[in-house]
Amino acid sequence: MNRIVIHYSEIALKGKNRRQFEGALIRHVRAALGPLVSEVRKQQGRLVCKPNPQADPQRVREILACIPGIVNFSLGHSAPKDVVSIGGRAVNLLAGREFTTFGVKTKRTDKQFPMTSEEISRAVGASILRGLKGKQVDLRAPDLWLYIELTGKEATLFTDKYLGPGGLPVGSSGDVMVSLSGGIDSPVAAYMLMKRGCRAIFTHIRNETQFSGAVSDKIEKLVEVLTRYQLHSTLYQVPFGDLQRRIIAFVPADHRMIIYRRCMMRILNQLAAKDQAKAIVTGDAVGQVASQTLSNLQCIQEASQLPVLSPLVGMNKDETILLAKQIGTFEHSIEPYPDCCSFMIAPHPETRGVLDLVKQFEANIDGLEELLLEAVENVERLEFS
């Protein structure tokens, strides 16, 4: 391995803003790979990296597979841009590999090169047949594909393509404030916004009526996993004990969840203003639990001044679980924990909240605004890299 080729897709459709998105991806790749590479450059619709000789290929694959904006990437070898050198390098690259049939696919961005892509593929295929005995060409379903890309002043050869998350590079769309409950849904919602170019800032509303040490540890583990995708994360842990007790004292049990979620929205908005986040992100899915009926979502989201984004809104639970397993958050999410929501749910919670009635209950809570301000002022902030 002496070259890493990174492909992107959606970024290439950005027109006049394309350079901005490419620049964000280059910065992210450089920061993520760090000392594993000596150079990252844009080259004719792709990124090309020069890995350091001691770079561990497995570690490179693990890192690049987590970077939003990357559609796929390959670990390859460079060759001088002439067909004899490319053929020789192909034979050396495939020697020792176990395969019987193979095919060659060439992309030629340099249209001044004297041979077409198909002619290059045929010539390199002939070199492989001469250099490696017992091999056969199969262009339908070969045991192995050899890919050749002619860009700039060199050719790059590789055999495997590894998938990235796709989408847009983190930070290119701005910051969002994520309500991180500790369950399965909210970490997946955060990941989906990261893929859309958003940097996630996390907020956990802490249940202080029960032991919270294990909960804090769980939340921090989730943020550590999600930081693989954006390299740096901020977590706010908000004390909610006084607000919990006040809501319990003044609000009927069947409406406590709605009032709690409205208070959460106000806290998230205040923290978002400090960090200039542009939206609130939740793990809501329509009809999944009592607080996520359309009526209750309307009551809850009315308390937010910022847009509320719920990327899981139309997903089934099994779809969310599958994605949680893929991104590495599932095992932490299923650890037992006493969150604020479960503590405040009544045996028969209201599922058809009426906004005017909810606001009446809310207005009856003595000192609510002062408690909200106090919760924000006493927030604990943690940084992750």
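Give me the extension gain from R27 to Q360: residue separation times 0.36 nm, minus the current Cα-Cα distance, reported in nm with one decimal.
Stretched fully, the R27-Q360 segment lengthens by 114.9 nm.
For K14, list the aspartates and glutamates whose Cα falls under 17 Å from its own Cα; do not include residues on the same chain fewer than 8 positions away.
Partners found: E22.
Taking other Cβ within 10 Å of each residue's Cβ, how do V251, V286 sort, fewest first?
V286, V251
Running a GNM on the chain with Cα contacts under 10 Å, which residue among L235, L25, L368 ends up with the highest mean-square fluctuation?
L368
Name the residues whose placed amide hydrogens come within less than 5 Å of the amide hydrogen of L168, ignoring near sequence neighbours (fewer than 5 apart) on the same chain.
So L168 has HN proximity to G69, R196, G197.
Show the residues, 5+ positions off or on another chain, whose built amide H is closer than 5 Å to the amide H of G76.
N2, R3, I4, V5
If the elastic network links every pair of Cα atoms under 10 Å, which of Q288, Q270, Q360 fluctuates the most in the Gaussian network model of the chain?
Q360
Give the Rg (one decimal place) followed by the Dmax (whole number) of the range 174-384, computed from C-alpha coordinates and expressed in Å.
In Å, with Rg to one decimal and Dmax whole: 15.9, 45.
Sticking with the crude label model, points 7 Å out along Cα→Cβ, report the distance from H77 to A95 in nm, one decimal please.
In this crude label model, H77 to A95 measures out at 0.8 nm.
Could you tell me how many degrees, from 0 to 90 and to the nearest 10, lie between the Cα long axis of helix 83-94 and the main elongation axis, the longest principal axis, of the Cα atoms of the chain?
60
Using Cβ contacts closer than 10 Å as the measure, can you line up C66, C299 from fewest to most?
C66, C299
Just the Cα atoms of the range 233-297, one point each, no solvent: what log10 I(q)/I(0) does Debye give at q = 0.18, 0.28 Å⁻¹?
Computed log10 I(q)/I(0) values: -0.81, -1.23.
Quick check on my link table: of K42/K135; K50/K221; K278/K325; K42/K153, which ones sit more than 24 Å apart, alpha carbon to alpha carbon?
Table pairs above 24 Å Cα-Cα are K42/K135; K50/K221; K278/K325.
In units of 2.2 N^0.38 Å, what is the alpha-carbon radius of gyration of the range 264-385?
Computed over Cα atoms of the range 264-385, the ratio equals 1.19.
Just to be sure I understand the model, the point goes 7 Å from the Cα along the line to the Cβ. What's the resulting Q298 to H232 distance in nm?
4.3
For the chain, modelled as a Gaussian network with Cα springs under 10 Å, which listed residue fluctuates most, D56, D185, D175?
Sorting by GNM fluctuation, first place goes to D56.
Round to the nearest 10 and give me the degree value, 0 to 90, for the angle of helix 368-377's Cα axis relative to the longest principal axis of the chain.
For helix 368-377, the angle is close to 40 degrees.
In whole Hz and in residue order, list the ³J(HN,Hα) couplings for the range 315-321 that follow from phi through the Karplus curve 6.51 cos²θ - 1.76 cosθ + 1.60, θ = phi - 60°; x for Gly and Pro.
8, 7, 4, 5, 5, 5, 4
Among R46, R261, which comes first, then next, by fewest other beta-carbon atoms within 10 Å?
The fewest-first ordering by Cβ neighbours comes to R46, R261.
Sum up the charges of everything whose Cβ sits under 15 Å from the Cβ of F330, counting Lys and Arg as +1 and Asp and Glu as -1, but leave F330 out.
In short, -1.
Each value in this text was obtained by applying a stated rule to the coordinates, not by laboratory testing. Small disclaimer: the values here were computed from a predicted structure and weren't measured. Positions of Cβ are generated from backbone atoms using ideal geometry, with glycine treated the same way; all protein chains shown enter the neighbour counts.
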